[in-house]
Amino acid sequence: MKTKIFFSSLVKRSALVTTALVALLLLAGCATPVGEVESWGVTAQEESAFTGEVVDVMCELTGNCATNCGEGSRQLALKTADQGTVLVAKNITLYSGAAEELWPYCGQEIEVNGLFTENQNVRFFQVQNVRTPGGKWQRADRFHKAWAARSGKSAGKARSWYKNDDRVDKILQRDGRLGLGPAADTEFFK
């Protein structure tokens, strides 16, 4: 009887491991290769690739300039010859901007690809891949590593950084989840 139970358990575990391996292989096969643009199904998305100089938006608009474009702490853009200055709002990670992707190239010309989106006549760019002209594409996913290093938290926590960031917690405690204060949250989330 014990042999039968052991064998049955072994077969179930083997089936689970096989299923997990097949799922991982399928996911790997479905992942967008580095350098290719992935459709996100966002409003008015338009696939694009272009070249531009990485600039600090605050510096461009007001003359208030920071060393190395603020090293990830400022909104950055790409100044192009044909499209003007393009705001780069996002990279490929959840709820993060694109400053970590761009600031190492401050003042340099780079090539990017990704998606333009538009909402209420405001157009911005979501970068997915970056490279120096003619260089090798790099996925725009530096944010997690940079966040983990900056916060002193694990790479695992970086995947859901917005749930583990002390700055986010302080803002939520002060302003509530709706941004209208804790009292508004209490009333709304009854």
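The values are calculated or read from the model by the stated rules, or taken from the named source; none is laboratory data. This structure is a prediction, so every number in the text was calculated from the model and none was measured. Ideal geometry is used to build each Cβ from the backbone, glycine not excepted, and the neighbour counts take in all protein chains shown.
Is it true that VAL112 is part of a strand (DSSP E or B), under 22 Å from GLU38 (Cα atoms), without any contact (Cβ under 8 Å) to a residue 40 or more places away in the chain and touching a helix residue (DSSP H, G or I) at 6+ places or on another chain (Cβ under 9 Å)?
Numbers: part of a strand (DSSP E or B): yes; under 22 Å from GLU38 (Cα atoms): yes; without any contact (Cβ under 8 Å) to a residue 40 or more places away in the chain: no; touching a helix residue (DSSP H, G or I) at 6+ places or on another chain (Cβ under 9 Å): yes.
Judged against the criteria, VAL112 is not a match.
Could you tell me which residue of the stretch 115-142 is surrounded by the most Cβ atoms within 10 Å (Cβ to Cβ), considering only residues that are modelled with pLDDT under 90 and either among the aromatic types (Phe, Trp, Tyr) or touching a helix residue (DSSP H, G or I) at 6+ places or on another chain (Cβ under 6 Å) (or both)?
If we take residues in the stretch 115-142 being modelled with pLDDT under 90 and either among the aromatic types (Phe, Trp, Tyr) or touching a helix residue (DSSP H, G or I) at 6+ places or on another chain (Cβ under 6 Å) (or both), then ARG142 is surrounded by the most Cβ atoms within 10 Å (Cβ to Cβ).
Just to verify a result, which residue in the stretch 49-87, among those that are farther than 21 Å from GLY134 by Cα and assigned to a strand (DSSP E or B), is farthest from the chain's Cα centre (by Cα)? Step through it out loud before you land on a result.
First pass over the stretch 49-87, keeping only residues farther than 21 Å from GLY134 by Cα: 56-76, 84-85, 87.
In the following step, the residues that additionally are assigned to a strand (DSSP E or B) were identified as 56, 76, 84-85, 87.
Details: ASP56: 19, LEU76: 14, GLY84: 24, THR85: 21, LEU87: 15 Å.
My answer is GLY84.
Residues being at pLDDT 90 or above, surrounded by fewer than 11 Cβ atoms within 10 Å (Cβ to Cβ) and not in a helix (DSSP H, G or I): count how many of those fall in the stretch 144-188.
So the count comes out to 1.
Quick grid of which residues meet (1) touching a strand residue (DSSP E or B) at 6+ places or on another chain (Cβ under 7 Å); (2) assigned by TED's automatic domain parsing to the domain that holds ALA99; (3) more than 25 Å from GLU38 (Cα to Cα):
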site	(1), (2), (3)
TRP137	yes, yes, no
TRP147	no, no, no
ALA158	no, no, no
TRP161	no, no, no
ILE171	no, no, yes
ARG177	no, no, yes
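Yes/no matrix, rows are residues, columns are (1) free of Cβ contacts under 8 Å to residues at least 40 places away in the same chain; (2) exposed (fewer than 14 other Cβ atoms within 10 Å of the Cβ); (3) in contact with a helix residue (DSSP H, G or I) (Cβ under 9 Å, 6 or more places away or on another chain); (4) not assigned by TED's automatic domain parsing to the domain that holds ASN164:
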position	(1), (2), (3), (4)
GLY72	no, no, yes, yes
GLN75	yes, no, yes, yes
ASP82	yes, yes, no, yes
VAL88	yes, no, yes, yes
